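Right, one structure below, let's go through it.
The values are calculated or read from the model by the stated rules, or taken from the named source; none is laboratory data. From a predicted model like this one, the values you see are computed outputs, not experimental measurements. Note: ideal-geometry Cβ built from the backbone for every residue, glycine included; neighbour counts use all protein chains shown.
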């Protein structure tokens, strides 16, 4: 791949000034022209002044061990005489966010590699590839970085020198594997207002990930400058402390006349724009927001009789869109934006119902496989952009949980087969680290991260880290055994290991002092007396005013643990709770995405913290999988993955007038809706495959079709 080309770069480190590469060439009597291109960093390409393709931030975010190559048909852009240009940023590969690359690759600059193949009408072929014949200069993008934004000088004229050929062999070249990032929709300003501090702020009424485009007639040298924010403070002023060191700004120096611009090599997480400078009075026609995310097809639909619950469903979708930007980031705004494994594994089932993320996870899990440590442990961010990247239970277990869930949702056996060695390697690794056989003890973990029962000064909940780790050790061993069985391998070793771990957990951890400990004991079936534990969990919740105290580990399974053990109505009480802490609390506070903290903003308008307080953090949106799978009751049969066979067992409540869910599966659309009619319920079910419908304990076997009960 790209065997005729060479890596080329600017002769020296440009810092954060974006280099632009160019080549002029003739192309007469061409039948077809194809471009294959990649970069160390991110690229923006133009042929004869027109953009090449619609992939934003190409070639995407991958492990440092590889880089994706994109292929474009450029036939329609060709003229007899042509000029091709590529502007590069450091991007994910060697930008400010990638401390590992900066430490290990001090002499590696952003670099370009491409080939243009011209197939002439006479059958001859010509290849134009990156080499010493290309020129490079510093572009009008005088500064660009994923964290800090972009500066553009429309009056800047590059001067060009010969490009420098580099012998970069630290990465392998692979065909495009993941979904491309592209522009998805436009959001217009909701209002423009003055803050109490007198600043002009534009409100898009939606926290989103992307960038913005502005339009202005100006004089040469005039400046346009914007900063972004997710929220306002309690006084209504622009607030950016939670972005930490990320500047997230756009600074543009105007040319004479009409100026239209949007960033090309960065992205922002924002709801609000502060107008730092603008040559004329800004209006709602002057600017628009453009939403970016991986090119996923929406497949899941939830609706109810509750406007607040519907807003939560919408916020969950926006949280996924905002954070599924080539990798499943924790947040899209502050100086982080990493592929946190814990967030991904708790949300993967919801993610795979909301959108078609099959290809998205194939690519990200390949990066995980590549970045797995030789020991078998898994870094807590993928790709591994931090050198001090350790391993933690419930985070590293993404290596078993994510591929198995993608297998269940899409019947993706090939992915499961590719990931199976990594799953085994990880489970084997735990056995070498634990201080207690058949448990996982004595190691550092994140615990029940952000649990509300955390001791003062701690981000971790009060749940036992050894218990959490041991439960996940059991779960990963069990999933590895199930994966091996699905693949037709001999996997008794992992089935026996899982059972031995389960027995050890039951014998060792006999008391549960937190909501999360009760939840894990119930959901993962690692307790002898489920009724007593369920009763205790219910009592804890009721004594807390029908409110949760769980963090990142307990929350995804909380409603499941209740509904599986006779407390479905209490699960609905939690789902529909409007007071803090709850899912609907943030909705009532005006949230348009999912918050990192239950109390990111409290009812007095005060912020939880400055250093770690994202307002676009999708993990707690995992509650949607309970709505799909329990409230509406849609489940795939484990040994018939990809919804080859389906179980639909709804659990209605009189607290709602109706609730519906639909999923566009690989077999077709499955939907389940129920409607309250006096003291009864009407169920409307559509299925694309043989289905077991269970209504009030009565089993109905049905084939493909639509049914009413």
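Just a yes or no: is a residue in the range 354-365 surrounded by 24 or more Cβ atoms within 10 Å (Cβ to Cβ) and over 23 Å from residue 301 (Cα atoms)?
Taking every residue of the range 354-365 in turn, at least one turns out to be surrounded by 24 or more Cβ atoms within 10 Å (Cβ to Cβ) and over 23 Å from residue 301 (Cα atoms).
If we scan the range 542-552, do we find a residue that is touching a helix residue (DSSP H, G or I) at 6+ places or on another chain (Cβ under 7 Å), assigned to a helix (DSSP H, G or I) and modelled with pLDDT of 95 or more?
no
Tell me, which residue of the range 457-483 that is in a loop (DSSP other than H, G, I, E, B) and touching a residue at least 12 places away in the same chain (Cβ under 8 Å) is nearest to residue 501 (Cα to Cα)? Give the steps one after another, and end with the answer.
Taking the range 457-483 first, the residues in a loop (DSSP other than H, G, I, E, B) are 457-459, 461-464.
When the remaining residues are screened for being touching a residue at least 12 places away in the same chain (Cβ under 8 Å), the result is 459, 461-464.
Numbers: 459: 28, 461: 23, 462: 23, 463: 19, 464: 16 Å.
Checking each candidate, the answer is 464.
Any residue at all in the range 437-456 that is over 22 Å from residue 503 (Cα atoms), free of Cβ contacts under 8 Å to residues at least 40 places away in the same chain and assigned to a loop (DSSP other than H, G, I, E, B)?
Yes: one or more hits.
Mind checking whether some residue in the range 142-154 is at pLDDT below 95 and either surrounded by 15 or more Cβ atoms within 10 Å (Cβ to Cβ) or assigned to a strand (DSSP E or B) (or both)?
Of the range 142-154, the ones at pLDDT below 95 are none.
Scanning the range 142-154, I find no residue that is at pLDDT below 95 and either surrounded by 15 or more Cβ atoms within 10 Å (Cβ to Cβ) or assigned to a strand (DSSP E or B) (or both), so the answer is no.
Got a sec? Which of 533, 519 is buried (at least 19 other Cβ atoms within 10 Å of the Cβ) and over 31 Å from the mean Cα position of the chain (by Cα)?
On the way: 519 fails: over 31 Å from the mean Cα position of the chain (by Cα).
Checking each option against the conditions leaves just 533.
For the range 484-527, how many residues are without any contact (Cβ under 8 Å) to a residue 60 or more places away in the chain, farther than 24 Å from residue 556 by Cβ and touching a helix residue (DSSP H, G or I) at 6+ places or on another chain (Cβ under 7 Å)?
2
Confirm whether residue 351 is in contact with a helix residue (DSSP H, G or I) (Cβ under 7 Å, 6 or more places away or on another chain), part of a loop (DSSP other than H, G, I, E, B) and in the same structural domain as residue 552 (by TED's automatic domain parsing).
On the way: in contact with a helix residue (DSSP H, G or I) (Cβ under 7 Å, 6 or more places away or on another chain): yes; part of a loop (DSSP other than H, G, I, E, B): no; in the same structural domain as residue 552 (by TED's automatic domain parsing): yes.
In short, no.
Has the range 325-336 got at least one residue that is in contact with a helix residue (DSSP H, G or I) (Cβ under 7 Å, 6 or more places away or on another chain), crowded, with 22+ Cβ neighbours inside 10 Å, assigned by TED's automatic domain parsing to the domain that holds residue 460 and without any contact (Cβ under 8 Å) to a residue 24 or more places away in the chain?
yes
Here is a list: 635, 655, 676. Which entry is surrounded by fewer than 23 Cβ atoms within 10 Å (Cβ to Cβ), at pLDDT 95 or above and closer than 17 Å to residue 688 by Cα? Write out each step before concluding.
Values: 655 fails: closer than 17 Å to residue 688 by Cα; 676 fails: closer than 17 Å to residue 688 by Cα.
That would be 635, the only listed residue that is surrounded by fewer than 23 Cβ atoms within 10 Å (Cβ to Cβ), at pLDDT 95 or above and closer than 17 Å to residue 688 by Cα.
Going by the structure shown, is residue 37 in the same structural domain as residue 115 (by TED's automatic domain parsing), in contact (Cβ under 8 Å) with a residue 12 or more places away in the chain, in a strand (DSSP E or B) and closer than 19 Å to residue 161 by Cα?
Details: in the same structural domain as residue 115 (by TED's automatic domain parsing): yes; in contact (Cβ under 8 Å) with a residue 12 or more places away in the chain: yes; in a strand (DSSP E or B): yes; closer than 19 Å to residue 161 by Cα: no.
It is false that residue 37 is in the same structural domain as residue 115 (by TED's automatic domain parsing), in contact (Cβ under 8 Å) with a residue 12 or more places away in the chain, in a strand (DSSP E or B) and closer than 19 Å to residue 161 by Cα.
Any chance the range 549-570 includes a residue that's without any contact (Cβ under 8 Å) to a residue 40 or more places away in the chain and touching a strand residue (DSSP E or B) at 6+ places or on another chain (Cβ under 8 Å)?
No, the range 549-570 has no match at all.
What do you reckon, is residue 310 touching a strand residue (DSSP E or B) at 6+ places or on another chain (Cβ under 8 Å) and modelled with pLDDT of 95 or more?
Details: touching a strand residue (DSSP E or B) at 6+ places or on another chain (Cβ under 8 Å): yes; modelled with pLDDT of 95 or more: yes.
Here the answer is yes, as residue 310 does meet what is asked.
I'd like to know if the range 590-608 contains one or more residues that are assigned to a helix (DSSP H, G or I) and either closer than 17 Å to residue 463 by Cα or under 28 Å from the mean Cα position of the chain (by Cα) (or both). Steps first, please.
At the first step, the residues of the range 590-608 found to be assigned to a helix (DSSP H, G or I) are none.
Taking every residue of the range 590-608 in turn, none turns out to be assigned to a helix (DSSP H, G or I) and either closer than 17 Å to residue 463 by Cα or under 28 Å from the mean Cα position of the chain (by Cα) (or both).
Quick one: in the range 455-464, which of the residues that are surrounded by fewer than 23 Cβ atoms within 10 Å (Cβ to Cβ) and modelled with pLDDT of 95 or more is farthest from residue 406 (Cα to Cα)?
Taking the range 455-464 as the starting set, the residues that turn out to be surrounded by fewer than 23 Cβ atoms within 10 Å (Cβ to Cβ) are 455-460, 462, 464.
Cutting the leftovers down to modelled with pLDDT of 95 or more gives us 462, 464.
Numbers: 462: 32, 464: 30 Å.
Among residues in the range 455-464 that are surrounded by fewer than 23 Cβ atoms within 10 Å (Cβ to Cβ) and modelled with pLDDT of 95 or more, the one farthest from residue 406 (Cα to Cα) is 462.
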